[in-house]
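All of the numbers you see were taken from the coordinates with simple rules; none came from a lab. These numbers were taken from a predicted model, which means no experiment stands behind them. In this analysis, Cβ positions are derived from the backbone assuming ideal geometry, glycine residues included, and neighbour counts consider all displayed protein chains.
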Amino acid sequence: MGDPKKSRKKWESPKHPWIKERLLREIELVGKYGLKNKREVWRAETLARKLRHQARALLALPEDERVKAGRALLDRLYKMGLVEKNATVDDVLGLTASHILERRLQTIVYKKGLAKTIYQARQMIVHGHIAIAGRRVTSPGYLVSRDEEQLIDYAPGSPFKEAREAEA
């Protein structure tokens, strides 16, 4: 049968690999967000770059089309949790890789206090101890929407959930 859709690269590597400032920034992001490798940073940078490009393209449209398309883009980004409710297209132009990395499941599990460290959060997700609305998610790079954020908890049958229930 085959794959129903062509798989495509989700990231672009840097054009020039040895720029010291960029290397230091990437290493800082890898450490801060507990990433596996720089490819995860490049993936977030590529997504932020594409969103900024969409916002710039909106600014070139006629006024009536710009308002309609801009509202759609801002609504989509609000659901993703990248901008606030009353954001403007200028806020989209300010998106960076850190905004994307803040919405990853790994980061949110750590910030909710389900894991003691960012690295433990990654391990718990990969080992299947974290679920969203009772559905186990094993990808630390999963981008969590605003609706799903409150539904993150330990997976049913996880020893972490049982230990928490025993304490209560």
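Our coupling estimate for region 97-102, obtained by passing each phi through the Karplus curve with A = 6.51, B = -1.76, C = 1.60 and θ = phi - 60°, is 4, 5, 4, 5, 5, 5 Hz, Gly and Pro reported as x. Once backbone amide H atoms are built at 1.01 Å from N, ILE152 has ALA133 as its partners under 5 Å, excluding neighbours fewer than 5 places away on the same chain.
Close amide H partners of ILE130, meaning residues 5 or more places away or on another chain with modelled amide H under 5 Å apart, are VAL137, ALA155. Just so you know, the averaged projected area of the alpha carbon convex hull for the chain sits at 13.4 nm². Between VAL92, VAL109, VAL67, where does the largest GNM mean-square fluctuation fall for the chain, given springs only between Cα atoms within less than 10 Å? Among VAL92, VAL109, VAL67, the largest GNM mean-square fluctuation belongs to VAL67. Each other residue within a Cβ distance under 14 Å of GLY157 adds +1 if Lys or Arg and -1 if Asp or Glu, for a net charge of +1. Taking the Kirkwood radius as Rh and the Cα radius of gyration as Rg, region 1-57 has a ratio of Rg/Rh equal to 1.08. Applying the Karplus relation 6.51 cos²θ - 1.76 cosθ + 1.60 with θ = phi - 60° to region 142-155 yields 3J(HN,Hα) values of 4, 7, 8, 7, 4, 5, 7, 4, 6, 8, 6, 7, 5, 6 Hz, where x marks Gly and Pro. Using the alpha carbons alone, the radius of gyration of region 104-167 stands to its Kirkwood radius in an Rg to Rh ratio of 0.93.
The chymotrypsin sites (Phe, Trp or Tyr not before Pro) of region 12-55 that meet both conditions, a loop assignment by DSSP and at most 13 other Cβ atoms within 10 Å of the site Cβ, are TRP18.
Net charge in the neighbourhood of ALA69 (other residues with Cβ under 14 Å of its Cβ; Lys, Arg +1, Asp, Glu -1) is +1. Couplings for region 23-34, taken from phi via the Karplus curve 6.51 cos²θ - 1.76 cosθ + 1.60 with θ = phi - 60°, read 4, 5, 5, 5, 5, 4, 5, 4, x, 5, 9, x Hz in order; Gly and Pro are left as x.
Counting only other residues whose beta carbon sits under 10 Å from that of LEU101, what net charge do I get with K and R as +1, D and E as -1? With Lys, Arg at +1 and Asp, Glu at -1, the net is +1.
The spacing between region 121-168 and region 39-75, judged by their C-alpha centroids, is 31 Å. Its DSSP H runs of at least 4 residues, each contributing -39,500 (n - 2.57), put the calculated 222 nm mean residue ellipticity of the chain at -16500 deg cm²/dmol, to the nearest 500. In region 20-101, a dipole from Cβ-located charges (positive for Lys and Arg, negative for Asp and Glu) runs towards its positive end, and of GLY94, LEU58, LEU35 it is LEU35 whose Cα lies farthest in that direction.
Past 21 Å, Cα to Cα, is the threshold; run LYS15/LYS38; LYS38/LYS112; LYS9/LYS85; LYS6/LYS79; LYS9/LYS79; LYS32/LYS116 against it and keep the listed order. Violating the 21 Å Cα-Cα cut-off are LYS38/LYS112; LYS9/LYS85; LYS6/LYS79; LYS9/LYS79.
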